[in-house]
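*Asks:* Structure incoming, see below.
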Amino acid sequence: MMNLNVIAIDLAKNNYQVCKIGQDRQVIYNKEVSRQKLLQLLASEKQSLVAMESFGGTHYWARKAKEAGNMV
């Protein structure tokens, strides 16, 4: 498997729970972010593997993560 950070996103309506796990499998952060902050976070992170639950907005967020250079 590729050595990437993993960003796990728990999708919701307005605020999202985001957990980043490093290559050494240690939690880097686990925080709640707004919709706008999530867009900024995806754009500012180095290439990561983004994992999300299946939800009505999953495809939207997958496209945004891919546009920012991440794998989904």
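*Asks:* Taking the alpha-carbon distance from Lys46 and a cut-off under 16 Å, which aspartates and glutamates remain once sequence neighbours fewer than 8 residues away in the same chain are dropped?
*Replies:* Here the aspartates and glutamates satisfying the reach criterion relative to Lys46 are Asp24, Glu67.
*Asks:* Okay, moving on. Order of Asp10, Asp24 from fewest to most other C-beta atoms within 10 Å?
*Replies:* So the ranking, lowest neighbour count to highest, is Asp24, Asp10.
*Asks:* Further question: Please enumerate, by chain and number, the lysines with C-alpha under 18 Å from the C-alpha of Lys13, excluding those fewer than 8 residues away in the same chain.
*Replies:* Lys31, Lys37, Lys64
*Asks:* Can you give the charge dipole size of the stretch 1-51 about its Cα centre, rounded to the nearest 20 debye, using +1 on the beta carbon of Lys and Arg and -1 on the beta carbon of Asp and Glu?
*Replies:* Charge dipole of the stretch 1-51: 120 debye, to the nearest 20.
*Asks:* Relative to the longest principal Cα axis of the chain, at what angle does helix 35-44 sit, 0 to 90 degrees, rounded to 10?
*Replies:* 30 degrees
*Asks:* Output the 0 to 90 degree angle, nearest 10, between the alpha-carbon long axis of helix 58-67 and the longest principal axis computed from the alpha carbons of the chain.
*Replies:* Orientation of helix 58-67: about 50 degrees from the principal axis.
*Asks:* Run the Debye formula on the Cα coordinates of the chain, all scatterers equal and no solvent, and tell me log10 I(q)/I(0) at q = 0.12, 0.14, 0.25 1/Å.
*Replies:* -0.27, -0.37, -1.24
*Asks:* Quick one: of the DSSP bridges fully inside the chain, what percent are antiparallel, nearest 5?
*Replies:* 65 percent
*Asks:* For the chain, what does the relative contact order come out to in percent, with C-alpha contacts under 8 Å and a separation of six or more?
*Replies:* For the chain, the relative contact order is 31 percent.
Bear in mind these aren't lab numbers, they're just calculated from the coordinates by the rules spelled out. Note that the structure is predicted; figures quoted are calculated from it, not measured. Every residue, glycine among them, receives a Cβ derived from its backbone with ideal geometry; neighbour counts consider all protein chains shown.
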